[in-house]
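Please read the structure below before turning to the comments.
The values are calculated or read from the model by the stated rules, or taken from the named source; none is laboratory data. Not measured: the values here are computed from a predicted model. Don't worry about glycine lacking a Cβ; one is built from the backbone with ideal geometry, like all the others, and counts go over all protein chains shown. To get the accessible areas, we keep the full protein, side chains included, count just its heavy atoms, and leave off ligands, DNA and RNA. Shrake-Rupley method; radii C 1.70, N 1.55, O 1.52, S 1.80 Å.
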Amino acid sequence: MKAVLSDRHRAHDPKVETYLGVPVPANEVPERAEMIRAALVEDGGFELTEPTDHGLDPILAVHDAGLVRFMEEAWPEVQRQRIDREFLVADTYPVRNLFDGMSEELIAARPEPVAIGGRVAWWGLDSSNPLVEGSYDAARSAVDVALTAVDLVLGGESVAYGLCRPPGHHAARAMAGGYCFFNNAAIAAQSIVDRTGEQVAILDVDVHHGNGTQQIFWRRGDVAYASLHADPRRLYPFFLGHADEVGEGPGRRANLNLPQPLRADDATYLRDLDRALEWIGSRPGSVVVVSLGFDTYELDPIGDLALTTDGYAEMGRRVGALGRRLVVLQEGGYHLPTLGANAVSWLRGADGRAGVSGP
Ligand SMILES: [Zn+2]
């Protein structure tokens, strides 16, 4: 199996994030990708390849130009405004209740702030998403990784893996958040639609709901989104990911949310995975984009499900058995000691090879 990865992810190197207002060690760190890279090399069944530059156009096909401009300008602005910080997060967010009673037209006409502390909130969801000097370059490289995996699959590979970092599925059209800046999976799906004219399905198996991917394709019938995730009443992103969110307009019934109970195990999870795969299999299209997270793992420090390394092999096997071509893109997963084994297990399963046994 071909696996795409870039050293440029290392430029996004936050040391801390905030949790309930208190600095804690960052979860989304370069070691994550390095652990997976090492496991792919050790396995020997993966051909590692560098991404190629795809420019800004595929990003602008999905994201608001203002978000892209903000990402490019944010760190230079931190320096120009002499903000003495190692990372940038916001304090004050434009939450919906701030605008109660105001017309949609007037809300839409509120101007973007000029202070960087206001701009990072304008384009962001949460304060647990530290932006550092190298974040923009790393986010650009993650998009190139995803698009290079698309190139491989459209070029004839049955499956390709993109080791994207930072991840992407929380990033919406005009919003970063949840360790995500650009939505790698959404950009990949849009690129497949543009290049093939086919419909595409995205299967999201990260422990968190991919609110960004859902938002981007909410009113679209040509890109279907199916997600298994911890019930958002318990876990980030808290406000979206409920089962009654099915899409609207042309996107009605092209969105499938399957919230999982606390500590859901392999058997429980795989039952709902089969529902999602059946739903995807009933829709047209020959390519599925997978948002692959390992924060569903039983020991993950920020997840609350209980999947195992053997469970990942079976999950990969069932996704592979769908018979569609697969663009598999890395999202979350924060238990460093098992990330490599879990990734190899899932990918070997999807490739029709036996999994590796758990630690
Ligand atoms: Zn996640």
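Assorted remarks:
- Unit charges at the beta carbon, dipole of the chain: most positive-side option, Thr52, Leu125, Phe239: Phe239
- A Förster radius of 30 Å combined with the Cβ-Cβ distance from Thr196 to Ala38 puts the calculated FRET efficiency at roughly 0.30.
- Over the C-alpha atoms of the chain, the Rg to Rh ratio, Rh being the Kirkwood estimate, stands at 0.95.
- Taking every C-alpha pair closer than 8 Å and separated by at least 6 residues, the mean separation divided by the residue count of the chain gives a relative contact order of 18 percent.
- Cα centroid separation, region 212-239 to region 1-64 (Å): 22 Å
- Sequence of Glu198, Glu133 from largest to smallest accessible area, 1.4 Å probe: Glu133, Glu198
- Expected-Rg normalisation [2.2 N^0.38 Å, Cα atoms] applied to region 214-359: 1.02
- Computed label-point distance, nm, for sites Arg283 and Lys15 using a 7 Å Cα→Cβ extension: 4.4 nm
- Neighbour-limited loop hits for trypsin sites (Lys or Arg not before Pro), region 1-103 (at most 13 other Cβ within 10 Å; DSSP other than H, G, I, E, B): Lys15, Arg82, Arg85
- Within the accessible area of region 1-57 (1.4 Å probe), percent carbon and sulfur: 55 percent
- The base-10 log of I(q)/I(0) for region 103-158, evaluated at q = 0.16, 0.20, 0.22 Å⁻¹, reads -0.73, -0.85, -0.91 [Debye formula, identical scatterers on Cα atoms, solvent excluded].
- Fully extended contour minus Cα-Cα distance, from Glu31 to Arg275, at 0.36 nm per residue: 84.5 nm
- Simple label model, 7 Å out from Cα along Cβ direction - Asp64 to Leu106, nm: 2.0 nm
- Mean separation of Cα contacts under 8 Å, 6 or more apart, over the residue count of region 8-81: relative contact order %: 15 percent
- Computed over the chain with a Gaussian network model linking Cα atoms closer than 10 Å, the most mobile of Gly349, Gly320, Gly21 is Gly21.
- Estimated inter-spin distance, Leu262 and Glu248, nm [label 7 Å along Cα→Cβ]: 3.3 nm
- Relative contact order of region 142-240, defined on C-alpha pairs under 8 angstrom at six or more residues apart (%): 23 percent
- Geometric extent, Cα atoms of region 109-201 - Rg, Dmax (angstrom): 15.3, 48
- GNM flexibility winner over the chain from Asn27, Asn184, Asn97 (Cα, springs under 10 Å): Asn97
- Whole-Å distance, taken between Cα centres, linking region 86-165 and region 275-304: 22 Å
- Applying both filters, DSSP loop and at most 13 other Cβ atoms within 10 Å, to the trypsin sites (Lys or Arg not before Pro) of region 263-320 gives Arg263.
- Mean residue ellipticity (222 nm) of the chain, computed from DSSP H runs ≥ 4 via -39,500 (n - 2.57), nearest 500: -11000 deg cm²/dmol
- Using a probe of 1.4 angstrom and keeping all protein chains present, the accessible surface of region 224-359 works out to 38 square angstrom per residue.
- Sorting the segments 301-309, 101-109 by their mean number of nearby beta carbons within 10 angstrom, highest to lowest, gives 301-309, 101-109.
- Beta bridges per DSSP with both ends in the chain, % antiparallel, nearest 5: 20 percent
- Toward the positive end of the charge dipole of the chain, with +1 on the Cβ of Lys and Arg and -1 on the Cβ of Asp and Glu, the farthest Cα among Gln215, Val89, Gly323 is that of Gly323.
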